[in-house]
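Shown next, in structure tokens, is the structure this report addresses.
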Amino acid sequence: MPLKSKIAIVLFTTFTFVCSFFLADYLSDNRLDVTAQYISAKQWLKSILEGDLETNNVTKLPVQITNTFENSTATTLNQHFEYTDQPRCKDTSLGKVNRKKATQVYTWVDKQGISHFSDNPPQIGNFSSLSFAGEKVFDYFSLTLNTQKLAYDFNQKLKVKLYKLFTLYGDLLPLSSLKKVNIDLKVYESKTDFNRIKANHNISLSDNTRGFYNHNDNKAHLLYTSNDDTLRVATHEATHAINRAVIGYTPRWLNEGLAEVSESIEVKAKVGRLFSSKDWTEERLFKVQKISLNTLFSATADDWNGPLTIRLYANSWAFIYFMLEQQQRKAMLAKLIQYEQQNLCDKTSANDIEQIFGMSLSKLQIQFTRWLDRKIKPQQI
């Protein structure tokens with residue numbers, strides 16, 4: 001392509017970017033994050049200057065995650081993003097799970113009805129203590145939490161949820177196949193800072209992502225919104241790190257389904273429970289348009305980043321919750337996860353699932369569809 005034509009394309013593209021950014025900023029009434037927007041634009045313009053147009057192989061702009069879809073009553077916005085480039089098939093775990101001395105965790109409810117978790121009991125009032133395995137507990141994970149703004153008991157609440165999540169994994173897998181996980185979370189108070197890190201990872205700035213996990217460096221980044229909401233997102237992204245270390249690369253529906261389920265874990269009086277998702281249910285009834293299991297298991301990356309996004313997240317959550325509710329189905333899910341553990345990179349295809357489950361998809365579909373039409377019950381873990 002002649003140099004003059006290339007320069008003309010660059011100038012026109014730059015003008016279009018600038019106009020669209022300021023227009024979007026005006027309409028959304030938000031302050032423009034020039035630095036992050038500039039990073040995304042520069043990466044695309046660079047691809048033009050390096051000659052991608054010569055080979056008709058234009059580098060795509062970062063994929064924008066859509067938050068709406070046709071014929072759906074769901075209004076929940078997508079809040080998570082799974083980032084990776086080429087899979088790096090390495091063990092990210094910290095080795096086998098061993099036992100360690102238990103750190104006592106105290107919990108109480110103050111006069112305002114707010115629950116607290118701490119290494120130290122309150123000076124006044126009643127409290128109870130949490131333990132997970134008698135005098136000793138399993139050393140499941142190492143948690144690194146870098147934050148700019150969090151309530152003082154956020155760390156303990158997150159640890160309690162993650163311990164219970166490992167209890168759930170312990171029900172599915174033999175202890176010998178569990179691994180200690182390094183969980184590295186960074187929480188941003190500034191939306192500008194969070195947008196900058198999103199741009200660095202080629203994530204569209206116009207979506208509603210409040211957290212994402214990077215497979216390549218095993219780190220998660222989160223935007224602080226509120227204590228409870230950030231705790232949910234932190235649990236979700238930590239689950240991706242756990243899945244990566246304990247299971248390896250997995251089908252997207254399995255990875256996201258387990259992460260979505262983990263968000264609803266609650267621990268009270270030493271008892272862990274799973275609840276129906278506030279995102280995907282209303283009055284404990286599934287409110288999102290259903291998709292077939294075959295569509296769920298066969299969904300491509302384009303499907304996950306396109307109009308099916310919300311339905312794929314919702315149905316992934318529902319299917320995992322459904323499988324965990326009954327012992328026979330839980331055994332089927334455990335069999336699939338153990339199959340996935342055999343290779344860090346391989347992902348089970350839709351064609352293999354029937355054989356692993358030992359049940360036809362048509363029969364499983366009937367059971368799942370009936371379950372979706374009933375009120376979803378809490379589960380104890």
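The values are calculated or read from the model by the stated rules, or taken from the named source; none is laboratory data. All of these numbers come straight from a predicted model, not from anything done at the bench. As a convention, Cβ positions derive from the backbone with ideal geometry for all residues, glycine included, and neighbour counts pool all protein chains shown. Ligands, DNA and RNA are excluded from the accessible area calculation, which covers all protein heavy atoms including side chains. Shrake-Rupley method; radii C 1.70, N 1.55, O 1.52, S 1.80 Å.
Things worth noting here:
- So residue 230, is it of a type outside the set (A, V, I, L, M, F, W, C) and assigned to a helix (DSSP H, G or I): yes
- One residue from 185, 168 being open to solvent by less than 40 Å² (accessible area, probe 1.4 Å), closer than 19 Å to residue 255 by Cβ, assigned to a strand (DSSP E or B) and modelled with pLDDT of 85 or more: 185
- Residue in segment 293-314 that is over 18 Å from residue 361 (Cβ atoms), touching a residue at least 40 places away in the same chain (Cβ under 8 Å) and among the acidic types (Asp, Glu) present: no
- Of everything in segment 263-284 that is of a type in the set (Val, Ile, Thr) and more than 19 Å from the chain's Cα centre (by Cα), the residue that is most open to solvent (accessible area, probe 1.4 Å) is 271.
- Any hit, segment 153-165, residues being within 30 Å of residue 108 (Cβ to Cβ), over 19 Å from the mean Cα position of the chain (by Cα) and not in a helix (DSSP H, G or I): yes
Rundown of residues vs (1) assigned to a strand (DSSP E or B); (2) surrounded by fewer than 22 Cβ atoms within 10 Å (Cβ to Cβ); (3) of a type in the set (A, V, I, L, M), yes/no style:
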| site | (1), (2), (3) |
| --- | --- |
| 204 | no, yes, no |
| 208 | no, yes, no |
| 212 | yes, no, no |
| 234 | no, no, yes |
| 240 | no, no, no |
| 243 | no, no, no |
| 253 | no, no, no |
| 260 | no, no, no |
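- Residue satisfying all of: in segment 285-319; among the polar types (S, T, N, Q), farther than 20 Å from residue 275 by Cβ and buried (at least 17 other Cβ atoms within 10 Å of the Cβ); modelled with the lowest pLDDT among these: 305
- Breaking point among (1) of a type in the set (Val, Ile, Thr); (2) open to solvent by less than 10 Å² (accessible area, probe 1.4 Å); (3) touching a strand residue (DSSP E or B) at 6+ places or on another chain (Cβ under 8 Å), for residue 197: (2)
- Every listed requirement among (1) surrounded by 15 or more Cβ atoms within 10 Å (Cβ to Cβ); (2) at pLDDT 75 or above; (3) not in a loop (DSSP other than H, G, I, E, B) is met by residue 176 save one, (1).
- Members of segment 320-340 that are buried (at least 17 other Cβ atoms within 10 Å of the Cβ) and not aliphatic (A, V, I, L, M): 321, 322, 329, 340
- Taken together, the criteria exclude residue 348 from residues that are surrounded by fewer than 21 Cβ atoms within 10 Å (Cβ to Cβ), closer than 22 Å to residue 263 by Cβ and not aliphatic (A, V, I, L, M).
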